[in-house]
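The values are calculated or read from the model by the stated rules, or taken from the named source; none is laboratory data. All of these numbers come straight from a predicted model, not from anything done at the bench. Cβ placement follows ideal geometry from the backbone for every residue including glycine, while neighbour counts extend to all protein chains displayed. Areas reflect the complete protein model, heavy atoms only, side chains present, ligands, DNA and RNA absent. Shrake-Rupley method; radii C 1.70, N 1.55, O 1.52, S 1.80 Å.
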Amino acid sequence: MKIAFVGKGGSGKTTLSSLFIRHLVAAGRPVVAIDADINQHLGPALGLEETEAAALPALGERLSLIKDYLRGANPRIASAATMIKTTPPGEGSRLVRVGEPNPVYDACARPVELDGGAARLMVTGPFTDADLGVACYHSKTGAVELLLNHLVDGPDEYVVVDMTAGSDSFASGMFTRFDMTFLVAEPTRKGVSVYRQYKDYARDFGVTLKVVGNKVQAQDDIDFLRAEAGDDLLVTVGHSDWVRAMEKGRPPRFALLEEANARALHTMRAAADATHGLRDWARYTRQMVHFHLKNAEAWGNERTGADLAAQVDPDFVLSESVATPA
């Protein structure tokens, strides 16, 4: 299951995504965790020291390797240089699965030990001044989008992506790549403003969206979020001594997380799992192609000097049954 965490800056989405990852690992589920936020905080939220997090291999710096691997023997892609972030897979492409060993994981993922289990952690890499205003920083998340386009995952397998804050999540088609999107919202006007933006923009693409209320202190906060988000409000999370200890670098055993917050995480997993039966791989592939053609016309053809529409394999539909070529 592919799951995104979004929300405005400071909403607590990285904290909630890290708790959800810990919850999945504690349940014995295979997890690939991806930090795609402009602020790279997921590693420390999962217990890494700052120096350890800074040493993680950056996806953005290994894009050539990722493209070379994913291109495989696809005859429609002349070279890795002609692949862009939206390039869809086709016959002959290599696909990625959550639990497998492959060169992309070897180069770009590192295991993070969490209470007896482990998650594979991947990061886009830190954003620099050179990325802002000159080379759009969204280009660093292109590796994540390309990877998701070539990812085949089944039930009880999870890819959890901590997305960039606010409406910046709409800067590419990546927001359509998920089975479930959890929008973390505080009980304030600013807190729900991103929800309204996301809801309006995502409606036409069939994005499954649930609101997780965070920093809730009283029933009045819950009532406010319910009035703003209606049935989209899935759960609320209040004060957590466990999280406070984690933020100080001294997390207790995860089994000691407050019962109410543990129940919230269980509810979130159940909601994500329920979307598996609703999967429409044909629509998923059509959306992939839609954003690829849009990017090709806007900048991709000029950037690569190739007709990127020719990369689309009209007979290919990504699905759990598609085999990966040797």
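Of 320, 247, all but one fail to be loosely packed, with under 14 Cβ neighbours inside 10 Å, touching a strand residue (DSSP E or B) at 6+ places or on another chain (Cβ under 8 Å) and at pLDDT below 95; the exception is 320. The condition (being over 18 Å from residue 145 (Cβ atoms), open to solvent by 50 Å² or more (accessible area, probe 1.4 Å), touching a residue at least 60 places away in the same chain (Cβ under 8 Å) and out of contact with any helix residue (DSSP H, G or I) (no Cβ under 6 Å at 6 or more places or on another chain)) is satisfied by just one residue among 91, 52, 61: 91.
Of the residues making up the stretch 261-296, those that are under 30 Å from residue 216 (Cα atoms), without any contact (Cβ under 8 Å) to a residue 40 or more places away in the chain and open to solvent by less than 70 Å² (accessible area, probe 1.4 Å) are 267, 270, 274. Working carefully through the options 223, 232, find the one that is open to solvent by 50 Å² or more (accessible area, probe 1.4 Å) and at pLDDT 95 or above. Of 223, 232, the one residue that is open to solvent by 50 Å² or more (accessible area, probe 1.4 Å) and at pLDDT 95 or above is 223. Picking from residues in the stretch 297-309 that are in a helix (DSSP H, G or I) and hydrophobic (A, V, I, L, M, F, W, C), the one that is surrounded by the most Cβ atoms within 10 Å (Cβ to Cβ) is 308. Sub-7 Å Cβ pairs linking a first residue in the stretch 241-255 that is of a type outside the set (D, E, K, R) to a second residue that is open to solvent by 100 Å² or more (accessible area, probe 1.4 Å), at least 6 apart or interchain, are 242/256, ordered by first then second residue. For residue 123, the conditions (1) at pLDDT 95 or above; (2) of a type in the set (A, V, I, L, M, F, W, C); (3) surrounded by fewer than 18 Cβ atoms within 10 Å (Cβ to Cβ) all hold with the exception of (3).
Of all residues in the stretch 95-118, those that are touching a residue at least 40 places away in the same chain (Cβ under 8 Å), in a strand (DSSP E or B) and within 19 Å of the chain's Cα centre (by Cα) total 5.
Scan 66, 77 and give me the residue that is farther than 15 Å from residue 151 by Cβ, open to solvent by less than 10 Å² (accessible area, probe 1.4 Å) and of a type in the set (A, V, I, L, M). It is 77. Only one of the numbered conditions (1) farther than 22 Å from residue 250 by Cα; (2) surrounded by 24 or more Cβ atoms within 10 Å (Cβ to Cβ); (3) hydrophobic (A, V, I, L, M, F, W, C) is not met by residue 46, and that is (1).
Among helices (runs of 4 or more DSSP H) entirely within the stretch 8-94, having at least 3 residues that are over 30 Å from residue 215 (Cβ atoms) singles out 63-71.
Taking the conditions exactly as written (in contact (Cβ under 8 Å) with a residue 60 or more places away in the chain and under 30 Å from residue 311 (Cα atoms)), does residue 66 satisfy them or not? When the stated conditions are applied, residue 66 passes them.
Scan the stretch 158-199 for residues that are open to solvent by 50 Å² or more (accessible area, probe 1.4 Å) and modelled with pLDDT of 85 or more and the total you get is 6.
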